[in-house]
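Shown next, in structure tokens, is the structure this report addresses.
The values are calculated or read from the model by the stated rules, or taken from the named source; none is laboratory data. Keep in mind the model is a prediction, meaning the values are calculated, not measured. Positions of Cβ are backbone-derived with ideal geometry, glycine not excepted, and every protein chain shown enters the neighbour counts. For the accessible areas, the whole protein counts, side chains as well, though only heavy atoms, and no ligand, DNA or RNA atoms are used. Shrake-Rupley method; radii C 1.70, N 1.55, O 1.52, S 1.80 Å.
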Amino acid sequence: MKDQNKEVLYGLYDDEQDLLKAVKQANEDHLEIMDVFTPFPVHGLDPLLGLEESRLHIAGFIYGAIGTLTAFLFMTWVFTRDWPIIFGGKPYWSVPAFVPITFEVTVLFASVGMVVTFYTICGLAPGVVNPTLDDRITDDKFCIAFNTNDAGEDKVDKLKSFFSATGASEVNTKTI
Amino acid sequence: MSAVVSPIRVPLIEGGKSYHQITEDICSPTEKTPSTAWIIAFIIAVAGLSFYVFCVAWTIWIGIGSWDLNRTVGWGWDITNFVWWVGIGHAGTLISAILLLFRQKWRTGVNRAAEAMTIFAVICAGQFPLIHMGRLWLGFFIFPYPNTRGPLWVNFNSPLLWDVFAISTYFTVSLLFWYTGLVPDFATVRDRAKGLRKKIYNVLSFGWTGSAKHWQRWESLSLVLAGLATPLVLSVHTIVSFDFATSVIPGWHTTIFPPYFVAGAIFSGFAMVQTLMVITRKVLNLQEYITIGHIESMNKVILLTGSIVGVAYLTELFIAWYSGYVYEQFAFYNRVMGPYWWSYLGMMTCNVLSPQLFWSKKIRQSLFWTFFMSIFVNIGMWFERFVIIATTLARDYLPSSWSYYNPTWVEIGLFVGTLGLFFTLFLIFSRVAPVVAIAEIKHILKSAGDQYTGPNAQKHADKAEKAH
């Protein structure tokens with residue numbers, strides 16, 4: 001995907017309601033949207049774009065479970081196998097005393113794991129320079145982008161008329 | 001987040017903002033040269049921080065003997081400060097996590113600054129156990145790493161070690177939560193900037209684009225992190241209270257400690273948020289985002305948690321009497337009437353009596369009272385920890401070893417110095433990052449702002465017009 005420059009035709013909208021209507025219209029017209037960029041999460045957009053629910057929370061659960069096992073089994077190993085010590089006359093394997101650390105490590109693993117996964121799958125990291133279509137997308141513009149690499153003249157005209165019909169305030173092209 | 005919001009509610013964002021105006025209002029403080037007030041505040045804060053560094057160096061050079069702790073009172077200002085700072089560090093996560101789960105939209109105005117405050121407060125808190133070790137360079141002994149002494153592991157049954165895990169997990173998770181929220185806002189700042197500034201903010205924003213899929217994952221991540229941070233924030237002060245509650249010292253060995261500590265932590269945390277917000281909203285001109293409504297909501301939380309703390313104090317006294325256990329009875333008699341009676345009085349006045357003023361709506365909505373009370377509450381909560389720690393230790397089982405403890409200038413310097421550290425960090429934060437979560441504010445503008453467009457919007461507008 002990265003090896004080829006993309007020719008992008010994009011339209012900017014001023015309001016999220018206009019954007020939602022436009023995406024609906026694009027679906028009806030069978031136009032293939034490359035991506036939608038917004039300054040904040042717009043609810044109702046995901047089903048229109050056919051985005052599946054994120055599975056990040058499942059990953060989080062798995063990381064958490066790994067954390068639980070790591071902490072609990074490690075403390076068990078230390079206090080029953082590696083170096084058993086009696087503390088206050090309690091049994092070596094004093095499970096209630098393991099609860100706080102097990103809990104903390106679970107939360108730690110789940111959170112760190114999820115955050116690392118999030119940035120990795122989104123391709124975000126310090127120093128990454130992702131091409132932006134317009135500087136105002138992080139401010140107050142809502143953007144629908146189409147890939148027009150292999151699109152013919154008539155396809156581009158069709159997209160342009162789609163933008164003007166749905167009330168885009170600006171339409172531009174950019175190679176990214 | 002599509003909860004039904006009553007159109008009759010007071011809007012959370014005032015001033016008829018457009019999306020662009022929001023960006024402008026919140027980003028501009030990071031783009032202007034600092035004001036004189038900021039520079040003066042920064043110089044004072046850095047001076048405090050420098051004195052802190054000096055006192056730490058003094059402590060390490062001389063040893064913790066320079067604190068005048070003694071055989072009887074082994075924990076003085078250091079652990080008092082530690083618990084005080086950790087407590088303050090609870091409000092941020094409470095606002096950003098618990099209020100997110102409860103769908104309290106007013107949190108968006110204050111969550112960014114409150115989370116920043118949390119992180120800085122935890123940094124300050126973490127200093128004290130480390131310095132208290134005396135041999136700071138052996139601080140890594142607290143972590144269970146394979147060592148050449150056996151390996152001899154740390155004691156996983158010790159509440160002090162639970163504390164290590166709790167505080168470091170809490171710090172890490174708060175930092176990740178806060179930073180992930182900041183990434184889209186750093187992108188907003190980046191896209192307004194030019195030259196070197198743009199490059200710096202591009203690094204900070206991780207190359208954020210605002211793609212729909214990214215937003216979806218971002219929201220999913222925020223929600224799960226909030227779900228994880230909620231029990232975490234409750235666990236942290238619970239575990240701090242275990243430091244005391246699992247010991248066999250009368251006055252400490254009580255089951256009421258965990259909920260009582262957590263309520264106190266939220267109480268003092270909100271007070272610190274108020275102290276900072278009342279000033280920040282004015283200096284950075286954010287009155288339309290952090291409205292009187294926000295201030296009032298937080299004052300209600302202060303009233304509630306202050307009352308919980310009050311009930312806990314009275315319960316302790318009652319149970320001490322009712323238990324018929326002389327040592328417990330003496331411990332509490334000593335707290336109220338003993339040589340440290342003044343700190344008990346300060347605690348009771350600041351924490352239990354003074355928040356009751358917030359039953360009055362007028363006082364809840366007054367900025368002057370809010371600021372004044374927030375300082376009062378923080379003093380009271382400091383006294384609470386001092387009462388619990390020093391007062392209890394000074395009169396132990398053996399009357400022959402009773403003593404009295406006064407702090408030295410080094411200990412006072414360390415406390416004042418961490419205030420310097422805290423305000424230095426907060427002042428830097430207010431200059432480089434948007435202090436209000438821009439994307440989240442825009443997100444609620446039309447569902448909870450003054451441009452409400454949801455169900456019954458027209459009806460509401462008509463009603464408002466008729467009223468005028």
Checklist outcome for this item: Once amide hydrogens are built 1.01 Å from N within the peptide plane, the residues lying 5 or more places from A:Tyr13 or on another chain with amide H under 5 Å from its amide H are A:Phe142, A:Cys143, A:Ile144, A:Ser169
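If you average the sequence gap of Cα pairs under 8 Å that are 6 or more apart and divide by the length of chain B, what percent do you get for the contact order? Write out the running numbers ahead of the final one.
Details: 618 pairs, mean separation 152.0, N = 468.
Relative contact order of chain B: 32 percent.
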Checklist outcome for this item: Under the 7 Å Cα-to-Cβ spin-label approximation, B:Trp321 and A:Lys160 lie apart by a distance in nanometres of 8.7
Next on the checklist: Which residue fluctuates most in the GNM of chain A (Cα springs below 10 Å): A:Arg55, A:Arg81, A:Arg136?
Outcome noted: A:Arg81
Item to check | Principal axis box of chain A, alpha-carbon based, largest edge first, Å | outcome: 83, 33, 27
Checklist entry - What list of ³J(HN,Hα) values in whole Hz, one per residue of the stretch B:330-342 in order, does the Karplus curve 6.51 cos²θ - 1.76 cosθ + 1.60 (θ = phi - 60°) give from phi, with Gly and Pro shown as x? => result 5, 4, 7, 4, 5, 5, 7, 10, x, x, 9, 3, 5
Checklist entry - What accessible area per residue comes out for chain A, rounded to a whole number of Å², with a 1.4 Å probe? => result 52
Item to check | Solvent-accessible surface (1.4 angstrom probe) belonging to B:Tyr397, in square angstrom, nearest 10 | outcome: 110
Item to check | Between the stretch A:26-105 and the stretch B:94-163, the alpha-carbon center distance in angstrom | outcome: 19
Next on the checklist: If I take every Cα pair under 8 Å that is 6 or more residues apart in chain A, average their sequence separation and divide by the length, what percent do I get for the relative contact order?
Outcome noted: 54
Checklist entry - Using 0.36 nm per residue, how much length does the chain from A:Glu170 to A:Phe87 gain when fully extended, once their Cα-Cα distance is taken away? => result 22.7 nm
Item to check | Tail weight of P(r) past 13 Å, computed on alpha-carbon pairs of the stretch A:59-106, percent | outcome: 56
Item to check | A:Lys155 - accessible surface, heavy atoms, 1.4 Å probe, Å² rounded to 10 | outcome: 80
Checklist entry - Quick one: Karplus J couplings for the stretch B:188-203, per residue in order, coefficients 6.51, -1.76, 1.60, θ = phi - 60°, nearest Hz, x for Gly and Pro? => result 4, 5, 4, 6, 9, 8, 9, x, 4, 4, 5, 4, 4, 5, 5, 5
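How many Å³ per residue does the convex hull of the Cα positions in the protein assembly as shown occupy? Numbers along the way, then the final one.
Numbers: hull volume 118.9 nm³, N = 644.
Cα convex hull per residue, to the nearest whole number: 185 Å³.
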Item to check | Rg/Rg_globular for the stretch B:329-439, with Rg_globular taken as 2.2 N^0.38 Å and Rg from C-alpha atoms | outcome: 1.43
Item to check | Computed over the stretch B:177-222: relative contact order in percent, which uses C-alpha pairs under 8 Å that are six or more apart | outcome: 43
Checklist entry - Over the stretch A:56-122, what percent of the accessible surface lies on carbon and sulfur atoms, probe 1.4 Å? => result 80
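Starting from the Cα coordinates of the stretch A:1-100, work out the convex hull volume and express it per residue in Å³.
Numbers: hull volume 19.4 nm³, N = 100.
Once divided by residue count, the hull of the stretch A:1-100 is 194 Å³.
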Checklist outcome for this item: Applied in sequence order to the stretch B:275-286, the curve 6.51 cos²θ - 1.76 cosθ + 1.60 (Karplus, θ = phi - 60°) yields integer Hz couplings, x standing for Gly and Pro, of 3, 6, 5, 4, 7, 4, 4, 6, 5, 8, 6, 10
